[in-house]
Structures are given as structure tokens and as C-alpha cells.
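What follows is a set of notes on a single structure, which appears directly below.
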Amino acid sequence: MWAQLPLSLALTSPADPIMTYIARCPNGCANFKGDTGNVWIKIAEDGYNPNRTIGWAEENIRSFGNYTLTIPASLAGGEYLLRHEILGLQLAFYPTCIQIKLTGGGTATPTGVALPGAYKTNDPGIFMQLYTFDYQHPNYTIPGGPVILQGGPGYYGNAPTTTTTTSKAGYTTSK
């Protein structure tokens, strides 16, 4: 999903979390902005993990070239905006949205968070001393609330060849 980051983004801090949200476009995405109400459902996040060779999520994107995730099969069919976001811990957000259409038998339509509005400068994980996290001090809180509806596991670089799946709901994800 993430690939070939722009140079301006590549020059930001390498120690950044990533978050992925999805919002249903009730009457199609042509005129939907997603800027009103709690419509953004967090489906994935990754931050600092001291158990990896490369600790921070964004460093893994740089090293492996991309990040792939699975959309939750339980989501109701329809048009959606998918929002991937890198939080530059120097207090800059780098969101990217794409329009997608889901087909299949899912029925979930959970309530999410408002964007803008889900982040406050005093939230854990937003305004912080960037280089205080390491293998001895691994606790980092990813902002934007919890993952509300989990998809499959995310992968950096080439995903295992056994991850092409078709769910009962009819969503197909090839990595």
C-alpha cells in the first residue's frame, strides 16, 4: 500500500508510527470529504517494536519499500476512503487517501473517530522526545485510539507467498 515515498517525506524523522483508517462513503465518494462525524475506523497501526531488527514502522517502509495490509472482510460492501497516515514525530502528519469499492457479504459498519479531531497535541505519542525510545525503553502509545476493526497482519516488503486469500465475504487480497 505504501511505496516510493516522496523525497520530502523521506527526509523526515525515520522514527515514525503509521496508522490506517477507512471511512464508508454513504452516497458514493464523489462528494464525500470524511470531515464530519466519527466516520474513520482505524483498521491498522504500527509504531515502535523493540523485537524487530528495525524498530520503527516508517523505518521498515524505507527499508523494504512498501507496506501491505488486509482490509477487514467483515466490513459492509460499498465505497470507502482508505487513509494511510505517517505521523512525523516532529509534529507533521502525512496522510494519503484513496477511493476503494468493497464487494461481498460483510455487514460491519462500526463507529470510528473524527478526522480532523482525533488527535490533540497533548495525546500520548504526539508531542514527545523522539529518541527516548529504544530497546531498553520501548513503550510508545500510537495516537488516534485503538484499532476498531482488525484486518489481517501487515507486511513490509514482499509478503509471504501464502497470503493471497479470499474470504467468505468475497474480499480478495493479493500481496
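Quick one: in the stretch 48-58, of everything that is of a type outside the set (A, V, I, L, M) and farther than 16 Å from Met19 by Cβ, which residue is nearest to the chain's Cα centre (by Cα)?
Of the residues in the stretch 48-58, the ones of a type outside the set (A, V, I, L, M) are 48-53, 55-56, 58.
Now restrict to residues that are farther than 16 Å from Met19 by Cβ: 50-53, 55.
Details: Pro50: 20, Asn51: 20, Arg52: 19, Thr53: 21, Gly55: 17 Å.
Ranking the candidates gives Gly55 first.
Yes or no: Leu87 modelled with pLDDT of 75 or more and closer than 15 Å to Ala15 by Cα? Judged against the criteria, Leu87 is a match. Can you name the residue in the stretch 21-66 that is farther than 22 Å from Ile126 by Cα and part of a strand (DSSP E or B) and, of all such residues, is modelled with the lowest pLDDT? So, considering only residues that are farther than 22 Å from Ile126 by Cα and part of a strand (DSSP E or B), the one modelled with the lowest pLDDT is Asn66.
What number of residues in the stretch 26-67 are among the aliphatic types (A, V, I, L, M), open to solvent by 30 Å² or more (accessible area, probe 1.4 Å) and more than 17 Å from Gly78 (Cα to Cα)? So that I can check it myself, show each step before the final result.
Filtering the stretch 26-67 down to residues among the aliphatic types (A, V, I, L, M) leaves 30, 39, 41, 43-44, 54, 57, 61.
Imposing the further condition that a residue be open to solvent by 30 Å² or more (accessible area, probe 1.4 Å) reduces the set to 30, 39, 54.
Of the ones still in play, those that are also more than 17 Å from Gly78 (Cα to Cα) are 54.
Count: 1.
Among the conditions (1) open to solvent by 30 Å² or more (accessible area, probe 1.4 Å); (2) modelled with pLDDT of 80 or more; (3) assigned to a loop (DSSP other than H, G, I, E, B); (4) under 17 Å from Ile18 (Cα atoms), the only one that Thr111 does not satisfy is (4).
Among all positions in the stretch 97-104, there is no residue which is assigned to a loop (DSSP other than H, G, I, E, B), at pLDDT below 80 and β-branched (Val, Ile, Thr).
The values are calculated or read from the model by the stated rules, or taken from the named source; none is laboratory data. Keep in mind that this is a model prediction, so the values were computed, not measured. No Cβ is skipped: glycine too gets one built from the backbone with ideal geometry, and neighbour counts run over all protein chains shown. These accessible areas exclude ligands, DNA and RNA; they are computed on the full protein's heavy atoms, side chains included. Shrake-Rupley method; radii C 1.70, N 1.55, O 1.52, S 1.80 Å.
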